[in-house]
1. Glu91's amide H: which non-local residues (gap 5+, or another chain) put their own amide H closer than 5 Å, with H modeled 1.01 Å from N in plane and none for Pro or chain starts?
2. Within segment 172-205, whose backbone N sits under 15 Å from a point 7 Å along Cα→Cβ of Ala237?
3. May I ask you to give the solvent-accessible area per residue for segment 171-284, in square angstrom, as obtained with a 1.4 angstrom probe?
4. Would you be so kind as to identify all helices of the chain, as entire DSSP H runs, whose Cα atoms reach 24 Å or more along the helix's own axis and whose mean Kyte-Doolittle hydropathy is at least -1.0?
5. Scan segment 111-154 for trypsin sites (Lys or Arg not before Pro) in coil per DSSP, keeping those whose Cβ has at most 16 other Cβ atoms within 10 Å, and list them by number.
6. Say we join alpha carbon atoms closer than 10 Å with springs in a Gaussian network model of the chain; which of Ser210, Ser128, Ser151 then has the biggest fluctuation?
7. For the chain, would you read off the P(r) tail past 34 Å as a percentage of all alpha carbon pairs?
8. Rounded to the nearest 20 Debye, what is the dipole magnitude of the chain about its Cα centre when Lys and Arg each give +1 and Asp and Glu each give -1 at the C-beta?
Amino acid sequence: MLDPVLLRSFLAVVQTGGFTRAAASLHLTQSTVSQQVRRLEEQLGAELLDRSGRYVVTTTEGERLLGYANRIVALMDEAMLALGQSAVEGEVRLGVPDDFAANSLTPYLADFADAHPGIRLEITSGLSHDVWRAFNAGELDLALIKQRAGSAKGVASWAEPLAWLDSRARPVLARNPVPLAVFPPNGLYRLEMTHALDAMGKPWRIAYVSSSLPGVSAAAEGGLGLTLLPRRLITTAHRELGEAEGFAPVAPVEVALHARNQLPGYARELAAALIEACEGIMSK
């Protein structure tokens, strides 16, 4: 008989690439996870993991077991959910951009938390650059990010049209150089904005920097600087600039949902809920 507890530890090591991260994701000690994997190897009479490199990877036997282990654990989770049990335990680590972290996704995340009381939902919001880095470091299971169109294939993606925004009450358009309200370096909209202004031959200077989307939006509303933001975030205090004002359109960026391989059933359910949420948000 294959012990599902041992299978979960095996899967966690494979998915995170090491015993330390696996232990953190399972809320166990590293020695416990190591012992559980050793017990599984002893039961099967085969070495399942190659521990010789920087990252732990599966052996040939471990690769053969991987698909079965995922199916067994996923079926157990689904059975517990179908029977209305709250004993299913686990964790989903989600990273989202600032403009999706507040009201946009809250109802969907709250519904998921209510339906899965045994699942720990950990949400991190911030700049897409930072969320993407955390996802690639194995610190997140799901990552919703803004990226250049087609730069990295996700499980789902949507076009995000952008708009040049000035203040309606205190416009800065006529200033030379034009002041900008921007995100910190490596922020996607900042790069798109400065590259576009350079291409248009418009002098510019950085006047306001914030890692908060509400902060950048408010700076543009108040006349501290011109900015480039998603069109769906325009407020009545903004004035959208277009070709009539000498501002060429900027190509849309892409909102993409990325997921790590071999997600458990409850995490795949959250991914489906996020896709539904984004469909509604991006269609407005």
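The values are calculated or read from the model by the stated rules, or taken from the named source; none is laboratory data. In this text, all values refer to a predicted model and were calculated from it rather than measured experimentally. With ideal geometry, Cβ positions are generated from the backbone for all residues, glycine too; neighbour counts draw on all protein chains shown. Accessible surface areas use protein heavy atoms only, side chains included; no ligands, DNA or RNA. Shrake-Rupley method; radii C 1.70, N 1.55, O 1.52, S 1.80 Å.
1. Those qualifying (amide H under 5 Å, at least 5 residues apart or on another chain) are Arg120.
2. Hits in segment 172-205 for Ala237 at 15 Å: 172, 181.
3. Heavy-atom SASA per residue in segment 171-284 reads 45 Å².
4. Membrane-span-like by this criterion, though nothing is claimed about a membrane: 60-82, 265-282.
5. Filter output for segment 111-154: Arg148, Lys153.
6. Sorting by GNM fluctuation, first place goes to Ser151.
7. Across the chain, Cα pairs with separations above 34 Å total 35 percent.
8. For the chain, the charge dipole is close to 800 debye.
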